[in-house]
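One structure is given here, and the rest of the page talks about it.
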Amino acid sequence: MRLVRKHKLRKSQSVDAATQFVDPRDFILEKLHILPVESVPEISLYTAHPASGLGKRGNQNIYGDEHPPYWAYRWAGGTVLARYILDHPAMVSGLRVLDLGAGSGIVGIAAAKAGAGAVQCVDIDPHAAIAGRLNAAVNSVSIVTICKDILDEGSPDADIIAVGDLFYDSDIAEKVSAYLAQCVADGIKVIVGDPGREFLPHSRLRLLGEYSVPDFGNVPGDQNAVSAVYQFLG
Ligand SMILES: C[S@@+](CC[C@H](N)C(=O)[O-])C[C@H]1O[C@@H](n2cnc3c(N)ncnc32)[C@H](O)[C@@H]1O
């Protein structure tokens, strides 16, 4: 399920005659629908839909490649973590929260709504940073979005790191686990939301809570599976 970008579009670069909205901000504003998140109705996000063009294969989407971007879809890991944070605001209240692998920014937005002192949303996808800023505005919260791979750096300036659905690939899971272990050793609390992806490091986790939430790929009528929130122990 790894997303590979074949190439990135520059502002105003044309994809083809059928796709006019190549500026990511314009694309999001004009093509995506603002919809409440199922199971987390306190938060609404710019969301892909059948007519948005993001799910099409071929050179029809915002990237000019065939992969739909992660930030436009709802992932169970981020959804369950957002639900948990909103139900347990004391966990983040007044603290500096870093949302790692933020995608749409759902987890960071939940933390901001729950009273976090400051929120940074970090993702390696530059369009996630744009989507996160627009989603924060929709939800009337203030967050900082950063496009960077911080996994080779030292521990960040944060009190708590929140990780939604980042254990879907073995290489990423290995790097993320090593980074989070270093952060825990440096005194940062780490919480993880995950539906039980293949590379979730179970032996490093302590269960905090469970919720039934929808996942990417669910179709109407599907029963929501149970997803969980954990503390990463190091
Ligand atoms: C499955 S999505 C989850 C997005 C969001 N947390 C949620 O639950 O809705 C995984 C996200 O992690 C990002 N990602 C992958 N490797 C990363 C890394 N090294 N650092 C930061 N983000 C990364 C991807 O770009 C993608 O947006």
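All of the numbers you see were taken from the coordinates with simple rules; none came from a lab. What you see is a predicted model, and the numbers here were worked out from it, not measured in a lab. Please note: Cβ atoms are built from the backbone with ideal geometry, for glycine as well, and neighbour counts cover all protein chains shown.
Highest mobility in the GNM of the chain, judged by mean-square fluctuation with C-alpha springs under 10 Å and restricted to VAL40, VAL192, VAL97, is found for VAL40.
Close amide-amide hydrogen proximity is noted between ILE34 and THR47, each under 5 Å apart and 5 or more residues distant or on a separate chain (H modeled in the peptide plane; Pro and chain starts excluded).
Distance check, please: which entries in LYS148/LYS175; LYS31/LYS175; LYS113/LYS175 exceed 26 angstrom between their Cα atoms? Among LYS148/LYS175; LYS31/LYS175; LYS113/LYS175, the Cα-Cα distance tops 26 Å for LYS31/LYS175; LYS113/LYS175.
Measuring nothing but how far apart in sequence close Cα pairs (under 8 Å, 6+ apart) lie, relative to its length, the range 90-234 scores a relative contact order of 20 percent. Phi angles of the range 35-50 translate, via the Karplus equation with coefficients 6.51, -1.76, 1.60 and θ = phi - 60°, into HN-Hα couplings of 10, x, 7, 4, 6, 9, x, 5, 10, 10, 9, 4, 10, 5, 8, x Hz per residue; Gly and Pro are given as x.
Ranking of CYS147, CYS183, CYS121 by neighbouring Cβ atoms within 10 Å, starting from the fewest: CYS147, CYS183, CYS121.
Largest first, the extents of the alpha carbon coordinates of the range 76-232 on the three principal axes equal 41, 36, 31 Å.
In what sequence do SER142, SER104 fall when counting other Cβ within 10 Å, fewest first?
On the way: SER142 10, SER104 30.
Ordered from fewest to most neighbouring Cβ atoms within 10 Å, SER142, SER104 come out as SER142, SER104.
Close amide H partners of ILE124, meaning residues 5 or more places away or on another chain with modelled amide H under 5 Å apart, are LYS148.
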